[in-house]
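K.L.:
I'd like to ask some things about the structure below.
The values are calculated or read from the model by the stated rules, or taken from the named source; none is laboratory data. Quick caveat, the model's predicted, so the values are computed rather than measured. Don't worry about glycine lacking a Cβ; one is built from the backbone with ideal geometry, like all the others, and counts go over all protein chains shown.
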Amino acid sequence: MRRRALIGNWKMHKTADEAGTYIREFLPLIQNIASVDVILAPPFTSLHVVAALVKDTSIGLAGQDVHWDSQGALTGEVSPAMLYDSGCQSVIIGHSERRQMFHEDDNAVNRKVKAAIAHHLTAIMCVGETREERANGKTSDVLTRQLLAGLAGIDAIDDTQLVLAYEPIWAIGSGTPATPTQANEVHAELREHLGTLFTTAIAKSIRIVYGGSITTENIQALLATPHVDGGLVGGACLDPSNFARIVSSAAN
Ligand code: 13P
């Protein structure tokens, strides 16, 4: 059975001070929840503060992006080893905001995924179609391309190395989430591809989380479907009590 994962992507929110306040409020609210994996992805500047506060808890820490090189003249970039050293166990890769606003292509995503895995970080690899692509019946093509390109050249993988995140771009921050049926359909197809790429057993073990306008109201219905193994939460994770409610719903 796949353990559910709830990942809170803070995006570009919260100073280090605000991050500390968040964690102090959040911890007591989820301390009795053991059945789901909770992972927080604060901005790089708050990783140290959050890492120190969650050190003796089960909460995981993720970077929001990573460069594939180990070091170099790459102003503004952060390496996999730097994330690991900052207390991260995982990293979000290929978020649509990076693909769309920072021109990150499938090849960059692939290099980042490989580098993350090589440095013992779980790659949380995001895929997702635009509204137009869905309207034109291109969802399957787009997601297949992103998945195959993102995992190109990787012969073996396991559930500690990869979490897939399906984030339809039209659902992010829009207040219109994918329906549980839509999400489950896509997840089932992604899992089938994973089975072809690797093995059926591997495909069954890898978690595929959904992201896009998750709220306390819709999380349970999404998780009630067989292929949705958790959530990648944006706006609704920024308030600790709200995110704690989402985590509790996922645990029930
Ligand atoms: P929202 O939950 O704000 O729609 O964002 C989803 C997301 O992009 C998480 O990575």
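K.L.:
Go through the residues of the stretch 50-70 one by one and say whether even a single one is surrounded by fewer than 22 Cβ atoms within 10 Å (Cβ to Cβ), closer than 19 Å to Val163 by Cβ and free of Cβ contacts under 8 Å to residues at least 12 places away in the same chain.
P.N.:
Among the residues of the stretch 50-70, not one is surrounded by fewer than 22 Cβ atoms within 10 Å (Cβ to Cβ), closer than 19 Å to Val163 by Cβ and free of Cβ contacts under 8 Å to residues at least 12 places away in the same chain, which makes the answer no.
K.L.:
Please verify whether Ala41 is more than 24 Å from Ala203 (Cα to Cα), within 16 Å of the ligand (Cβ to nearest atom), among the small types (Gly, Ala, Ser) and out of contact with any His (no Cβ under 7 Å at 6 or more places or on another chain), treating the condition exactly as stated.
P.N.:
Against the criterion (more than 24 Å from Ala203 (Cα to Cα), within 16 Å of the ligand (Cβ to nearest atom), among the small types (Gly, Ala, Ser) and out of contact with any His (no Cβ under 7 Å at 6 or more places or on another chain)), Ala41 qualifies.
K.L.:
Can you tell me how many residues in the stretch 215-245 are of a type in the set (A, V, I, L, M, F, W, C) and within 10 Å of the ligand (Cβ to nearest atom)?
P.N.:
First, the residues of the stretch 215-245 that are of a type in the set (A, V, I, L, M, F, W, C): 219, 221-224, 228, 232-233, 236-238, 243-244.
When the remaining residues are screened for being within 10 Å of the ligand (Cβ to nearest atom), the result is 232-233, 236-238.
Total satisfying the criteria: 5.
K.L.:
Looking at (1) within 20 Å of Ser205 (Cβ to Cβ); (2) within 16 Å of the ligand (Cβ to nearest atom), which is the only condition Glu97 fails?
P.N.:
Condition (1) is where Glu97 drops out.
K.L.:
Mind checking whether some residue in the stretch 110-119 is over 17 Å from Ala51 (Cβ atoms), surrounded by fewer than 24 Cβ atoms within 10 Å (Cβ to Cβ) and charged (D, E, K, R)?
P.N.:
yes
K.L.:
Given Asp85, Asp65, Asp56, which one is farther than 18 Å from Ala244 by Cβ and at pLDDT below 95?
P.N.:
Going through Asp85, Asp65, Asp56 in turn, the sole match is Asp56.
K.L.:
Something else: Filter the stretch 159-197 down to residues that are in a helix (DSSP H, G or I), within 15 Å of the ligand (Cβ to nearest atom) and of a type in the set (Gly, Ala, Ser) and give me whichever is surrounded by the fewest Cβ atoms within 10 Å (Cβ to Cβ).
P.N.:
Ala171
K.L.:
If you take the residues in the stretch 121-152 that are among the hydroxyl-bearing types (Ser, Thr, Tyr) and farther than 14 Å from Glu189 by Cβ, which one is surrounded by the most Cβ atoms within 10 Å (Cβ to Cβ)?
P.N.:
The qualifying residue surrounded by the most Cβ atoms within 10 Å (Cβ to Cβ) is Thr122.
K.L.:
Then there's this: Considering only residues that are among the aliphatic types (A, V, I, L, M) and either more than 16 Å from the ligand (Cβ to nearest atom) or more than 22 Å from Asn9 (Cα to Cα) (or both), which ones fall in the stretch 198-214?
P.N.:
Passing the criteria: Ala201, Ile202, Ala203, Ile206.
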